[in-house]
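Down below is the structure, laid out as structure tokens.
The values are calculated or read from the model by the stated rules, or taken from the named source; none is laboratory data. Not measured: the values here are computed from a predicted model. Neighbour counts are summed over all protein chains in view; Cβ atoms, including those assigned to glycine, are modelled from backbone coordinates with ideal geometry. Areas reflect the complete protein model, heavy atoms only, side chains present, ligands, DNA and RNA absent. Shrake-Rupley method; radii C 1.70, N 1.55, O 1.52, S 1.80 Å.
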Amino acid sequence: MSGKFIVIEGLEGAGKSTAVATVSAWLEARNAAFIQVREPGGTPFAEALRDIVKGDWEEQVTPQAELLLMYAARVQLVENVIRPALLKGTWVIGDRHDLSSRAYQGGGREVDAKILAQLKQFTLQNFTPDFTLYLDINPEVGLSRASSRGALDRFERSKIDFFKRTRNRYLEIATEEENISVINAEQDLVNVQQAILVALENRWPA
Ligand SMILES: Nc1ncnc2c1ncn2[C@@H]1O[C@H](COP(=O)(O)OP(=O)(O)OP(=O)(O)O)[C@@H](O)[C@H]1O
Ligand SMILES: [Mg+2]
């Protein structure tokens, strides 16, 4: 049997890394082989691209350049790590995937959705996650959680309106498309974890 690709999405500080641990524990309990990956990154080449996109530059970083690097990193990860794992029957838990580009670059940076769809088609064709957990949070709450962890990167220092547009796009897409479950990430951690487990059990009943 082939593995399944589960993606965790959400704004900074929504609790994605924490959710990856919850999904991992669920897969361990089912004795499923799995790996964890994160975007941008997950291969040596893609991690180098991550350092570039998250880094601080004296020059303006254009939305176009940022977008192309995100898709470059993504296709490296999918072709070299995710697809081979799934073919072997290994499940993959992704900390962010294509939905992040559609929300951040599409909603936040206001890049035309048609361009994003073309880039997705060019790089990944019809490759798509089996299930996405979108952790929904007010950006002010998420950023205050993230900032308690340390210095903020180039994205995290964006204006609050950028994150509001990003959140709105996440919610729009989650409402329109199948296989995306919206989790209220402002709840206490135990309740978030419970909601994640319920969503997973609904998607893959024991
Ligand atoms: N439901 C919750 N309630 C309160 N605090 C939480 C909750 N979930 C996670 N946290 C805490 O908030 C911080 C951010 O969580 P986490 O690192 O999982 O978020 P993230 O979405 O992975 O962030 P980033 O986008 O920066 O990687 C951590 O200190 C974590 O312990
Ligand atoms: Mg994280």
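Among the residues of region 88-103, those that are under 21 Å from Phe45 (Cβ atoms) and assigned to a helix (DSSP H, G or I) comprise Asp98, Ser100, Ser101. What residue, of Ala103, Ala65, Ala146, is of a type in the set (A, V, I, L, M, F, W, C) and free of Cβ contacts under 8 Å to residues at least 24 places away in the same chain? Matching residue, one of Ala103, Ala65, Ala146: Ala65.
Restricting attention to region 74-104, and to residues there that are within 16 Å of ligand 1 (Cβ to nearest atom) and farther than 28 Å from Glu28 by Cβ, which single residue is surrounded by the fewest Cβ atoms within 10 Å (Cβ to Cβ)?
The first filter runs over region 74-104 and keeps only residues within 16 Å of ligand 1 (Cβ to nearest atom), leaving 93-97, 99-101, 103-104.
This time we only want the ones that are farther than 28 Å from Glu28 by Cβ, so: 101, 103-104.
Details: Ser101: 22, Ala103: 26, Tyr104: 25.
Selected residue: Ser101.
Give, as residue ranges, the helices (runs of 4 or more DSSP H) completely inside region 10-87 that count at least 1 residues that are among the polar types (S, T, N, Q) and more than 27 Å from Leu171 (Cα to Cα). Spell out how you get there, then give the answer.
Details: elements: 16-29, 44-54, 63-77, 83-87.
Qualifying helices (runs of 4 or more DSSP H): 63-77.
For region 152-171, the candidate set comprises residues that are part of a helix (DSSP H, G or I) and out of contact with any helix residue (DSSP H, G or I) (no Cβ under 8 Å at 6 or more places or on another chain); within that set, the residue that is least open to solvent (accessible area, probe 1.4 Å) is Leu171.
Of the conditions (1) open to solvent by less than 20 Å² (accessible area, probe 1.4 Å); (2) farther than 21 Å from Glu9 by Cβ, Glu39 fails just one. Which one is it? That leaves (2) as the condition not met.
Filter region 142-151 down to the residues that are modelled with pLDDT of 85 or more and either open to solvent by less than 50 Å² (accessible area, probe 1.4 Å) or part of a loop (DSSP other than H, G, I, E, B) (or both), then identify the one that is farthest from ligand 1 (Cβ to nearest atom). I'd like the intermediate steps shown before the answer.
The initial filter retains those residues of region 142-151 that are modelled with pLDDT of 85 or more, namely 142-148.
Retained after the next criterion (residues that are either open to solvent by less than 50 Å² (accessible area, probe 1.4 Å) or part of a loop (DSSP other than H, G, I, E, B) (or both)): 142-143, 146, 148.
Working: Gly142: 7, Leu143: 9, Ala146: 4, Ser148: 6 Å.
In this case the residue turns out to be Leu143.
Residues in region 44-66 that are touching a helix residue (DSSP H, G or I) at 6+ places or on another chain (Cβ under 7 Å) and not aliphatic (A, V, I, L, M) were compared, and the one that is nearest to Ala151 (Cα to Cα) is Arg50.
Filtered by the rule that a residue be within 12 Å of ligand 2 (Cβ to nearest atom), closer than 24 Å to Val198 by Cβ and touching a Phe, Trp or Tyr at 6+ places or on another chain (Cβ under 8 Å), region 9-50 gives Glu9, Gly10, Leu11.
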